[in-house]
Amino acid sequence: MRLFGEYRSLDATSFKSFYFVNASPCPPVEEEAACPLIEEEEASRMANSNKSLLEGIAKLFNNTAHADVKIQIGQYELPAHSVVLVSQSAFFQKALSENFHEGNTKQFQFKEDSSHAHWRVFEYMYTGIYTQLPVQLLDTHDDDELVKDVRVYVTAEFFMLDNLKQLALERFRSKLEELWVSELLFDCIREIYASTTPLEVGLRNAVVEVAAVHRNDLWGKVAFRNLLRDGGDFAADLLGQFCSI
């Protein structure tokens, strides 16, 4: 009873102090340890689910099933799906959601530039990769081997596909290791500088670095000397590369 009396005589602040001093501490609650086996199974299920989803999207490429967009590439009409295009490209996010004529009709025409580059860009949107082989469905010749990835890169820039630009640049750099000896190199350099801005340095840096490494061999070619005599950004960038060595 004396203890009860003590409780009644305590104010709220004193009661809290009295209680927490005299009460037995509660045992800590132990968190349940995660089971590595369960986590591994969940990760495996997630990976299989993602793989199935990606495979399903890939099967929709050039497939009329559920297609609601028409893409005119040269003379070929490619069936497409707005949900895929919007999820991949900021260009199509705007074109299909705002008041553009093409967005309202869901018909897009890309008859200029490289038909094969456009095909490869749309193939990448669906599959995450693009073929190096000629596209038999198109009525034009495929691009030369050295400019094939260059044109994919430039087209990817138009559609705002940064990951595709990185892939195309990596492939182009890989080809340059062997094809720098080709006479096509000089036209390739001209095309790169004509189709990119000084801020878009990926392709430009690739050809400048190769030209700097192989400058002695390249200087023996008339086409290379003519390219330098033309001046312009390539000559300036190459000089800058020499100064940094």
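All of the numbers you see were taken from the coordinates with simple rules; none came from a lab. A quick note: this is a predicted structure, and the numbers were derived from the prediction, not measured. No Cβ is skipped: glycine too gets one built from the backbone with ideal geometry, and neighbour counts run over all protein chains shown.
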- Between Leu78 and residues 5 or more places away or on another chain, which pairs have amide H atoms under 5 Å apart, with H built 1.01 Å from N, and which residues are they? Ile71, Gln72, Ile73
- Task: Calculate how large, on average over all directions, the projected area of the Cα convex hull of the range 51-181 is; give the answer in nm² to one decimal.
- Result: 8.3
- Fewest-first ranking of Trp219, Trp119, Trp180, using other Cβ atoms within 10 Å as the exposure measure: Trp219, Trp180, Trp119
- Inter-centroid distance (Cα atoms) of the range 178-207 relative to the range 68-98, Å: 29
- Item | At R0 = 30 Å, FRET efficiency that the Cβ-Cβ distance of Glu177 and Leu239 yields, to 0.05 | 0.80
